Structures are given as C-alpha cells and as structure tokens.
Amino acid sequence: MGDYQVTNVQQDALGAVQLELGNPNALALRRPFDPLAHDLEPSFRLTRFADLKGRGCKVPQEVLNKLVEGLQQDYNNAAEHEHAHFMHMAIPRIGIGLDCSVTPLRHGGLCLVQTTDFFYPLVDDPYMMGKIACANVLSDLYAMGVTECDNMLMLLGVSTKMTEKERDVVIPLIMRGFKDSALEAGTTVTGGQTVVNPWCTIGGVASTVCQPNEYIVPDNAVVGDVLVLTKPLGTQVAVNAHQWLDQPERWNRIKLVVSEEDVRKAYHRAMDSMARLNRIASRLMHKYNAHGATDVTGFGLLGHAQTLASHQKNEVSFVIHNLPVIAKMAAVAKACGNMFQLLQGHSAETSGGLLICLPREQAAAYCKDIEKQEGYQAWIIGIVEKGNRTARIIDKPRVIEVPAKE
C-alpha cells in the first residue's frame, strides 16, 4: 500500500476494517454515527480535528491563480520541446488550472487523466466523511466527462490529538466509507499514504487511462448555451449551522430564521449530496453534447464559473440568474452577514455538483434524464452570452429552495 510512514496505525485500521467486513452487523456502519455505540465520549466530534490553531484555510483564489500562471509558463516551455515527440498523437497536454491533468502517453493514442484532492473533516460521521472525500476526488474526473476510473489511492492524515481509542474507531470507518464509494464508482483503492498529522485529513488520487473521445475538454461553450447545475448550493452553511447547535452564542445568531429540525434536515441533505457521485451527471454530458463543465467546490459557484469561463476558446461570458440552495440555508447565510456570501457565489462547497455548458435545446432533456436516473433534480441556472470570458451573478438572483429529501 505505498510507502506508509505509520504502519502501526495502518495495520490497526485495516484489521478493524476486516473485522467489520466479516461482521454480520456491518450494516450498522450505515446508520448515523453514534459515539456512544463505539464507547467514545458523547461529546466526540470528528470536525474538532479540523479546527486547531495554526491550520491554514484554503489558498485565496487570486493567489492560487498567480501560482498556476507560473506553472503554466513552465508547462508551455516544456510543451515546445515535446511538440515534435507528441505531434503524431494529436492529443494536447492539458490541465494547468483545470479539474484534471491530461497527459498523452507513449503508446497507441492513449492519455492519462489524473486528479488529486484532500481536505479536513467537515461532518462528524466518519463513514460519511470517507464517502464524501472519495466522491470529491472522483468529481474532478467526472467534470471532464471521464466516467470510468481505473485506480485510486487514499491519502490519510491521522490526527496526533486523537486518543488511541478514537483512532481505532474513526480511521477504519473513514477508510470503509472511502472504499465503499470507490466500489460504487466501479474502481478500487490499491494504495496510498498514511501519516500522523496535527489535523485529520482525508483525500486521494484518481487515475484513468483513456482515449481522447472519453473526455470533454471544457473550452467549447458558445453563445446561446445554458448553464446547468446538478447539486444544490449551501453545503458549507449547512455543516456550520449543524455545528452551531452545540454553540449557544453562534446558535443565537440564526435561531430566529431556522429551527433545530430545519438544521438537522439541511445537514443530512448536505451529507447525502456531498457523498453522491457525479458519475451519472458526467455520463449524460456525452449524451446531450455538453460543451464543457467544472465541479463546484472550494471557490464557490462564482469562483469556479469564472475559472471555466476564462478557459473558453470563444469570446463568451456566463450570467447566472438562479441559485438552487438547500432549504433554509439562504436565510441562515443572510443572518450571518458576510460570513458565507452564499448569494454572491463565494460560499465554499464540498463535493458539489457539476456546472455544465449545454446546448439550449438539450438542457431541459438533460435535467429530466438525470432526475429520472438519480431521483435528484438538476437546474438551469444561467446563460452563455457574448463577452470577455468572465462570469457574474445578477444583482437579485432567484433563490430556489431545495427541500431535504425525506
């Protein structure tokens, strides 16, 4: 399983997973996580291991863009030297600033599509956290229209703040969730890396070897296309609101606009949404002739829309009119002032939906088809118009309240 630096942790975790796999009560893993059922303190919260002093937040998008520009220059220089070698393949080497890297291989017109991602715990159910982490890694492949994943690696940071008991309970559950999600995607986890770390981190690598017709380069949007979003916004708001149920000073800020029951429903809707694979959404991109897509994650809807717009070959811009949001979370975000900026498109999402540029005449059929296959809605949220490769949300977008799935 790769070059593991914390073999005792890995062996304990794998042993526990094997015990659970052979356990006739393994279905209990799928029930909501109850610390008491695992002999942990009732106050145990997995998200506590993401909230330590000194942990940096995500790199600001403008800083990341500058770093990426430097990589792009290095890449362009290398590409000039490689051009003659790869000319006969007609496969471009792409990836800087996009969801995946696409590397032409030396053999038979094939290419390697790869992506990696990891983050800190954002829900308290370790099994669901593993599923969400895996779905989040795979989502970058799906955003490029790649529906088959050949291999995954798991990247795990075990918090030094965990007790031995907490570690032995939580880590196998995270690994089981990650593995189950990979199996659902039709792939397997064959290796990875585990380290001891001040914070708990979970993520991985997804790789596919494919032909050029199996991926969709996200640069072909044309004037008249529409923008479709396949999952609701508001996951960050929902998981934060759920944590605030235990924090009276925070809860007092939002209790006038939302009930405890509303928050619990929104949290479970968010978990369900984040753990759901974008695989069907990706497969339907081919059927309905999508012109490109990205997945909506850490930089929020507008941040990712702007990145996608900036990569278009044509002189187009994206205008977003509708914001599908998990029920009551728009009101919570508003009550928190500028903390989330959900309606401005800046609120981070985790394992969010695909934002897809579709021909206008195909979009309604796409939405109908995905709802038929998944039982979940997708929404037409905006249009592609002539412009200078930017994206914006109109001043007063229509908020679509997306109810919790019963």
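The values are calculated or read from the model by the stated rules, or taken from the named source; none is laboratory data. Quantities reported herein were computed from a predicted structural model and do not represent experimental measurements. So basically every Cβ, Gly included, is an ideal-geometry build from the backbone, and we count neighbours across all protein chains shown. Just so you know, the surface numbers come from the protein's heavy atoms only, side chains and all, with ligands and any DNA or RNA stripped out. Shrake-Rupley method; radii C 1.70, N 1.55, O 1.52, S 1.80 Å.
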Which listed residue, of Ala348, Ala333, is open to solvent by less than 70 Å² (accessible area, probe 1.4 Å), in a helix (DSSP H, G or I) and modelled with pLDDT of 95 or more:
Ala333
So Tyr142 fits all but one of (1) part of a loop (DSSP other than H, G, I, E, B); (2) within 20 Å of Asp295 (Cα to Cα); what number is the exception?
(1)
Just checking, does region 111-134 include any residue being under 17 Å from the mean Cα position of the chain (by Cα) and on the phi > 0 side of the Ramachandran plot?
no
Hey, could you check region 174-200 for residues that are open to solvent by 20 Å² or more (accessible area, probe 1.4 Å) and part of a strand (DSSP E or B) and say which is modelled with the lowest pLDDT?
Asn197
Within region 351-404, take every residue that is among the hydroxyl-bearing types (Ser, Thr, Tyr) and under 20 Å from the mean Cα position of the chain (by Cα) and give me the one that is surrounded by the most Cβ atoms within 10 Å (Cβ to Cβ).
Ser351
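Based on this model, can you work out whether Ile356 counts as in contact with a strand residue (DSSP E or B) (Cβ under 6 Å, 6 or more places away or on another chain), within 21 Å of Met271 (Cα to Cα) and of a type in the set (Val, Ile, Thr)?
No, not satisfied.
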Sole miss for Thr116 among (1) open to solvent by less than 10 Å² (accessible area, probe 1.4 Å); (2) among the β-branched types (Val, Ile, Thr); (3) in a strand (DSSP E or B) is condition (1)
Per-region count, region 259-310, residues among the charged types (D, E, K, R) and crowded, with 24+ Cβ neighbours inside 10 Å:
1
Residue count, region 207-216 (criterion: among the hydrophobic types (A, V, I, L, M, F, W, C) and either modelled with pLDDT under 95 or open to solvent by less than 10 Å² (accessible area, probe 1.4 Å) (or both)):
1
Val222 fails exactly one of the following numbered conditions: (1) among the hydrophobic types (A, V, I, L, M, F, W, C); (2) in a strand (DSSP E or B); (3) within 30 Å of Arg389 (Cβ to Cβ). What is the number of that condition?
(2)
